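The values are calculated or read from the model by the stated rules, or taken from the named source; none is laboratory data. Everything numeric in this text was worked out from a predicted model, so none of it was measured. Note that each Cβ is placed from the backbone with ideal geometry, even for glycine, and that neighbours are counted across all protein chains shown.
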Amino acid sequence: MRSQTIAAVATAPGVGAVAIVRLSGSEALAIAKRLTGIDPVPRFAEICSFRDADGRQIDRGLLLYFPGPHSYTGEDVIELHVHGGAVVSDWLVRTLCDFGARAAEPGEFTLRAFLNDKLDLTQAEAVADLIDSRSRRAARAALRSLSGRFSEEVAGLQTGLTGLRVLIEAWLDFPDEELDLATRHELAARLAAVRASLEALITGATRGAALRDGLSVAIAGPPNAGKSSLLNRLAGHDAAIVTDIPGTTRDALRERLSLDGVPIDVVDTAGLRAAADPVEREGVRRAQRELGRADHALWLGDIRDGLDAALAAASAELAADQPFTLILNKVDLSAEEPGAIEHAGRDVIRLSALTGAGVELLVDHLKSLAGWAGEAAGTFSARRRHLDALERVREALERAEAHLPGALELAAEELRASQTALSELTGEITSDDLLGEIFSSFCIGK
Ligand SMILES: Nc1nc2c(ncn2[C@@H]2O[C@H](COP(=O)(O)OP(=O)(O)OP(=O)(O)O)[C@@H](O)[C@H]2O)c(=O)[nH]1
Ligand SMILES: [Mg+2]
């Protein structure tokens, strides 16, 4: 599989001025020669005609040749720039396959770049994150990972951990000797330094994961609470119908927001009540389905009904494990001020969807739920997988710390475990399953 030459359209499907077809592998050059009849000069754009196996002209366009290993994949790569639109590029790929290539799998070019050490795993993932990014902030974070900043931090941690292990393992050779005071101090200081860098890395990665994954939120509550008004207020335009008739909203209405670059999907739902009307009943059923899918619920109540009543309604309607924030709406009709408080371990926000008062508190709350703690220089794109691995590193280091200075051997073992978890990030240690999972989410041609 991995020795075959692969071909794919690298540009997005659809109509465009130019389409780019890529070819990578040991046969790429021979196939290009057969396609064009020319002997391409490396890194030089040449205009030529592309012909299929029967000698019919497919198109006239540019050819670029990047000899391996100095190419994206590390193999010989040919890029063909043709006129846009599906017909020409598809015909071209089919011809390349007639000449000995095969159609590339999703992400296969980048997989090859990874296997040929052109990129490590966090960088390969950053390629996909850059393509998929939904805000400039997210794109910048992905670019930082792609340029190797995340990998450098991980490498720095590995070096620190290796230093610690060397120090410990030197003592393990002399089992009868007690750790002297100077060494104890040095061990403690080094471990503290490694833990501090780890915490910084986790902070940056958590922010990056927030920019990438964001949060999905469902607005729910009784009819007329102001759910659709709140969606409109957050979206900044008149997305949902608002009337003073209870039971206005039937279909779930979704809006994609970008709050300071953090993607938040918000869905407005029908007011929950035992409805007689079959259309409204279907709306309630859909509302419950949306609640089941969302990461977090915003339960809206009318502030004039009081906090306890709203909390009781939320607890009665929402699943026991559904995380939610209580929103007391229509604060403009009450004597209270907008504000964010905690009540019985629950976040409560008083606001007015109508006037907008207090909505900025909700916006901050949503960003922090998504894991966004504000922009900082160390933000790079990261995924759940990275956060899980970093969490395992943290746990192993905590255990190592607990074993010091007495149980040196156990501490050394934990340090080794933390290094293994770190290696998973950059892909020094991976399984084929993990690679399959990561690269299959790429688009074809990347
Ligand atoms: N004064 C005041 N009125 C509000 C506020 N939010 C919503 N309203 C009014 O309350 C009524 C109901 O608002 P909607 O946004 O349609 O309420 P809803 O929860 O979506 O209602 P359903 O779709 O029927 O479940 C409308 O007349 C809104 O103008 C608010 O903060 N203050
Ligand atoms: Mg509504």
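Checked against (1) more than 14 Å from ligand 1 (Cβ to nearest atom); (2) surrounded by fewer than 19 Cβ atoms within 10 Å (Cβ to Cβ), T248 meets all criteria but (1).
Here L211 passes the criteria (1) surrounded by 18 or more Cβ atoms within 10 Å (Cβ to Cβ); (2) near ligand 2 (Cβ under 8 Å from one of its atoms) except the one numbered (2). Selection of helices (runs of 4 or more DSSP H) fully inside region 55-132 by the criterion of at least 1 residues being assigned by TED's automatic domain parsing to the domain that holds G37 and more than 26 Å from E153 (Cβ to Cβ) returns 86-98, 108-115.
Taking region 237-262 as the range and being away from ligand 2 (no atom under 15 Å from the Cβ) and farther than 16 Å from I219 by Cα as the test, the residues that pass are H237, S258, L259, D260, G261, V262. Taking the criterion of being at pLDDT 90 or above, surrounded by 15 or more Cβ atoms within 10 Å (Cβ to Cβ) and either part of a helix (DSSP H, G or I) or away from ligand 2 (no atom under 11 Å from the Cβ) (or both), the residues of region 264-278 that qualify are I264, D265, V266, V267, L272, R273.
Residues in region 226-236 that are touching a residue at least 24 places away in the same chain (Cβ under 8 Å), away from ligand 2 (no atom under 11 Å from the Cβ) and not charged (D, E, K, R): L234, A235.
Which residues, counting only those in region 251-270, are within 7 Å of ligand 1 (Cβ to nearest atom) and of a type in the set (A, V, I, L, M, F, W, C)? Passing the criteria: only A270. For region 176-221, a residue qualifies if it is hydrophobic (A, V, I, L, M, F, W, C), in contact (Cβ under 8 Å) with a residue 60 or more places away in the chain and more than 11 Å from A382 (Cβ to Cβ), and the qualifying residues are L179, L187, A188, L191, V194, L198, A200, L215, V217, A218, I219, A220. In region 178-187 there is no residue matching the filter, namely being surrounded by fewer than 18 Cβ atoms within 10 Å (Cβ to Cβ) and in contact with a Lys or Arg (Cβ under 7 Å, 6 or more places away or on another chain).
One residue stands out in region 316-332 among those that are touching a His at 6+ places or on another chain (Cβ under 8 Å) and modelled with pLDDT of 95 or more: the one that is farthest from S229 (Cα to Cα), namely F324.
If you go through region 51-65 and keep only what is over 15 Å from K33 (Cβ atoms), buried (at least 16 other Cβ atoms within 10 Å of the Cβ) and not small (G, A, S), you end up with I58, D59.
Rundown of residues vs (1) touching a helix residue (DSSP H, G or I) at 6+ places or on another chain (Cβ under 6 Å); (2) at pLDDT 95 or above; (3) not β-branched (V, I, T), yes/no style:
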{"site": "G16", "(1), (2), (3)": "no, no, yes"}
{"site": "S26", "(1), (2), (3)": "no, yes, yes"}
{"site": "K33", "(1), (2), (3)": "no, yes, yes"}
{"site": "D54", "(1), (2), (3)": "no, yes, yes"}
{"site": "Q57", "(1), (2), (3)": "no, yes, yes"}
{"site": "Y65", "(1), (2), (3)": "no, yes, yes"}
{"site": "V77", "(1), (2), (3)": "no, yes, no"}
{"site": "H81", "(1), (2), (3)": "no, yes, yes"}
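Listed by first and then second residue, the pairs with beta-carbon distance under 6 Å, at least 6 apart or on different chains, first residue in region 70-91 and more than 19 Å from L115 (Cβ to Cβ), second surrounded by 20 or more Cβ atoms within 10 Å (Cβ to Cβ) and basic (K, R), are E79/R22.
Checking each residue in region 221-236 for being at positive phi and in contact with a strand residue (DSSP E or B) (Cβ under 6 Å, 6 or more places away or on another chain) picks out G221, G226. A residue that is of a type in the set (A, V, I, L, M, F, W, C), closer than 30 Å to R144 by Cβ and touching a residue at least 12 places away in the same chain (Cβ under 8 Å) cannot be found anywhere in region 272-283. Just one residue in the set L366, L387, L435 is closer than 27 Å to R137 by Cα, touching a strand residue (DSSP E or B) at 6+ places or on another chain (Cβ under 6 Å) and not basic (K, R); that residue is L366.
Within region 231-245, if we keep just the residues that are assigned to a loop (DSSP other than H, G, I, E, B) and touching a helix residue (DSSP H, G or I) at 6+ places or on another chain (Cβ under 8 Å), the residue that is nearest to ligand 1 (Cβ to nearest atom) turns out to be V242.
Screening the candidates R293, R254, R289 for the property of being under 30 Å from the mean Cα position of the chain (by Cα), touching a residue at least 60 places away in the same chain (Cβ under 8 Å) and surrounded by fewer than 19 Cβ atoms within 10 Å (Cβ to Cβ) yields one hit, R293.
On the stretch given as region 395-410, residues that are surrounded by 15 or more Cβ atoms within 10 Å (Cβ to Cβ) and within 27 Å of the chain's Cα centre (by Cα) total 2.
Considering region 314-345 alone, what residues qualify as being in a helix (DSSP H, G or I) and buried (at least 19 other Cβ atoms within 10 Å of the Cβ)? Selection gives A314, E317, V331. In region 143-177, the residue that is surrounded by the most Cβ atoms within 10 Å (Cβ to Cβ) out of those that are farther than 13 Å from L201 by Cβ and of a type in the set (D, E) is E169.
Scanning region 73-87 for residues that are among the aliphatic types (A, V, I, L, M) and crowded, with 18+ Cβ neighbours inside 10 Å gives V77, I78, L80, V82.
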